[in-house]
Amino acid sequence: QSAGQAEWIDVLIIGAGFGGLRMLQECRELGLEAIILDAATDLGGTWYWNRYPGARTDTESWAYCFYFSEKLNEQYSFKERYATWDSSLDYLNYAADALDMRRHMRFERRVTTARYINSENVWEVQTDTGETYRCRYLVSASGVLSVAYKPPFKNSEAFNGKVYLTANWPKEHVDFAGKRVAVIGTGASGVQVIPIIAHEAAHVTVFQRTPNYVLPARNAPVTDAQQRAIRRDFHQMVAQCRKQVFAFPMTDSKVALKSVSPEEQQRVLERGWEIGGFQFAFETFNDILTDRESNAVVAEFVRKKIRAIVKDPKTAEMLCPDYALFAKRPPLGHFYFETFNRPNVNLVDVSDDPIEAMTATGLKTRTREFGDFDAVVYATGFDGGTGALVKIDVRGTNNQSIAETWRKSLQTQFGICMNGFPNFFMISGPQAPFANTPMIVDRAVTWIGDCIRHVQASGDTVVEARAEACENWTKFVQTTMDMTVLADGAGVNSWFLGKNIPGKLQAPLFFFGGANNYFIELEKESGGGFKGMQFRRPTIDAAA
Ligand code: NA7
């Protein structure tokens, strides 16, 4: 297809999840024509794909929303403390209809290439359906965790039973009744799916490589009184999220664990454990992520809880992590540890005896064989942060590819834009915070909108991050990471550091200096006239 047949659009957005929809809204305010392309058959992003039983948010539902319209949320009823995947989809569908967004979305189109043409200052984008688009601004809202990782076990086709991936769950109901099921992986997805499958299946064997600090979610229905309070306190909630280190609707403790007696430490932690959720980590003490000794006290508290819940001492020990709490992302559990007390559930530790191959009836580790399974569920994670964009052939000013660039070094300005890739923005790109996603998205999109307004006001048409600004942000991402126990993730396959994907660049994929501080940095940059950005006219190609 020649460029002559390309469709022109001011802004092309990749991905119809929270990020894409929020960006569409911003484009309207900017007066720019925008469309969203998505590979799925419908909107939803993460919540379109991750429809496994038990999938839900780990952020309170009423704070996992669009923040730009109080009215939008006023007319919506949040059902539970944590929204299930279908409730999240319901909310996104409700918002898309209420804001008449659907006509700007095109589905079943996977973006395959995106090329910046210097002389024309346009992005040319192609899809797997053979369409070509040309746009002034290209915005990726392709997701932080959208490319599923399935370990390449030998003979993976050999298994005769059913194979499921939590990150690409079938739309049809999967019936596990009477079935013998293997689940591989005990990250946030495994922790959610295991208790539900265990209720239904004849037997579940859980293959665990690294145990996790699973914190009790303490889910509950939202009562009418709570619903009224949610509506009444909307602005307070938004302000609270903006001030919190992970953009959650909670207030960070001002007390250091070290500053109080051991008795007081236990009392506060007990209370946090009862409240559940990430309040356990943030509303209790303020030095859990930064002080190794304080962290060790909390880690031991969780291990004691695991030993108290899980009746078989050997299983309990296998479930106890021995690294710093938060070196890996702690999942929220819905009776996760209790599940191991069921007679139809057993745990297999594969940390020193890795899974190597599939067989007709199950799998083989280096020294053992496990068979007799009707189904294998992979809950084995994602190629996080950079995965989705690396899959697209994105090329910047010198025809350099994003994948090649990131193989050598990852440098961005706020995880939003890069040097050498003009008029290209990422929503929740690598080096942005990993936190309450809709809030990170909201702040990033506000910044992108302001940046585009700045372009429009300046009379220039090209904007790109300065190399020096990207270097500075990258250093800041590393320094702040090193100040926390998250740096310990290097030893425990943390996907925060790219450690879970063989051959991937090992670097912090996220900014952990605090979502609250991130928002301040964004405002400083936009309020100060975007000093880290370069605004100019298009480069005229000498050969043209
Ligand atoms: P995670 O947190 O990356 O979990 C993946 C799990 O799969 C984890 O327990 C891995 O063990 C395990 N895994 C991966 N490869 C293997 C092999 N080869 N053998 C055995 N076990 C393996 O992904 P999730 O989907 O659970 O959660 C991702 C995020 O999505 C979550 O934090 C939320 O924010 C939403 P490992 O720990 O690497 O030893």
Q: Sort through Phe18, Phe78, Phe66 and tell me the only one that's within 24 Å of Arg218 (Cβ to Cβ), of a type in the set (A, V, I, L, M, F, W, C) and modelled with pLDDT of 95 or more.
A: Phe78
Q: Show the residue pairs that are 6+ apart or on different chains and have beta-carbon atoms under 8 Å apart, the first residue being within the range 348-367 and hydroxyl-bearing (Ser, Thr, Tyr), the second being near the ligand (Cβ under 10 Å from one of its atoms) and not in a strand (DSSP E or B).
A: Ser351/Arg209; Ser351/Thr210; Thr365/Val350; Thr365/Pro354
**Q.** Pair list, Cβ < 8 Å and 6+ apart or interchain, from the range 53-66 residues that are farther than 26 Å from Asp175 by Cβ and touching a residue at least 12 places away in the same chain (Cβ under 8 Å) to residues that are within 14 Å of the ligand (Cβ to nearest atom) and among the β-branched types (Val, Ile, Thr)
**A.** Thr59/Thr437; Tyr64/Thr57; Tyr64/Thr437
Q.
Please pick out the residue among Ala388, Ala375 that is crowded, with 16+ Cβ neighbours inside 10 Å, in contact (Cβ under 8 Å) with a residue 40 or more places away in the chain, small (Gly, Ala, Ser) and under 30 Å from Thr405 (Cα atoms).
A. Ala388
Q | Tabulated pairs, the range 175-201, first under 16 Å from Gly371 (Cα atoms), second in a strand (DSSP E or B) and within 14 Å of the ligand (Cβ to nearest atom), C-beta under 6 angstrom, 6+ apart or interchain | A | Ala182/Thr205; Ala182/Val376; Val183/Val206; Val183/Val377; Ile184/Phe207; Ile184/Tyr378
Q. Residue check: is Ile14 surrounded by fewer than 24 Cβ atoms within 10 Å (Cβ to Cβ) and closer than 30 Å to Arg453 by Cα?
A. no
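Give the range 201-212 a look and list any residue that's more than 8 Å from the ligand (Cβ to nearest atom) and under 19 Å from Trp495 (Cα atoms), or say none.
Pro211
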(Q) Out of the residues in the range 475-505 meeting the condition of being surrounded by 19 or more Cβ atoms within 10 Å (Cβ to Cβ) and touching a helix residue (DSSP H, G or I) at 6+ places or on another chain (Cβ under 7 Å), tell me which one is farthest from Asp287 (Cα to Cα). (A) Leu497
Q: Out of the residues in the range 369-415 that are within 16 Å of the ligand (Cβ to nearest atom) and assigned to a strand (DSSP E or B), state the one that is farthest from Gly143 (Cα to Cα).
A: Glu369
Q. Hey, any hits in the range 158-165 for a residue that's surrounded by 14 or more Cβ atoms within 10 Å (Cβ to Cβ) and of a type in the set (Gly, Ala, Ser)?
A. yes
Q: Would you tally the residues in the range 177-200 being more than 10 Å from the ligand (Cβ to nearest atom) and either surrounded by fewer than 23 Cβ atoms within 10 Å (Cβ to Cβ) or assigned to a helix (DSSP H, G or I) (or both)?
A: 11
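One line per residue, one yes/no per condition, for (1) touching a strand residue (DSSP E or B) at 6+ places or on another chain (Cβ under 7 Å); (2) β-branched (Val, Ile, Thr); (3) part of a loop (DSSP other than H, G, I, E, B); (4) closer than 30 Å to Tyr67 by Cβ:
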position: Glu464; (1), (2), (3), (4): yes, no, no, yes
position: Lys475; (1), (2), (3), (4): no, no, no, no
position: Thr479; (1), (2), (3), (4): no, yes, no, yes
position: Gly489; (1), (2), (3), (4): no, no, no, yes
position: Phe511; (1), (2), (3), (4): no, no, yes, yes
**Q.** Segments classed as strands (runs of 3 or more DSSP E), wholly inside the range 73-167, with at least 2 members that are out of contact with any helix residue (DSSP H, G or I) (no Cβ under 8 Å at 6 or more places or on another chain) and within 16 Å of the ligand (Cβ to nearest atom)
**A.** 162-165
(Q) Could you check the range 331-361 and list, in sequence order, the residues that are in contact with an Asp or Glu (Cβ under 9 Å, 6 or more places away or on another chain), within 13 Å of the ligand (Cβ to nearest atom) and assigned to a loop (DSSP other than H, G, I, E, B)? (A) Pro331
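The values are calculated or read from the model by the stated rules, or taken from the named source; none is laboratory data. The structure presented is a predicted model; accordingly, all values stated were derived computationally and were not measured. Because the Cβ atoms are built from the backbone with ideal geometry, glycine has one as well, and the counts that use them run over all protein chains shown.
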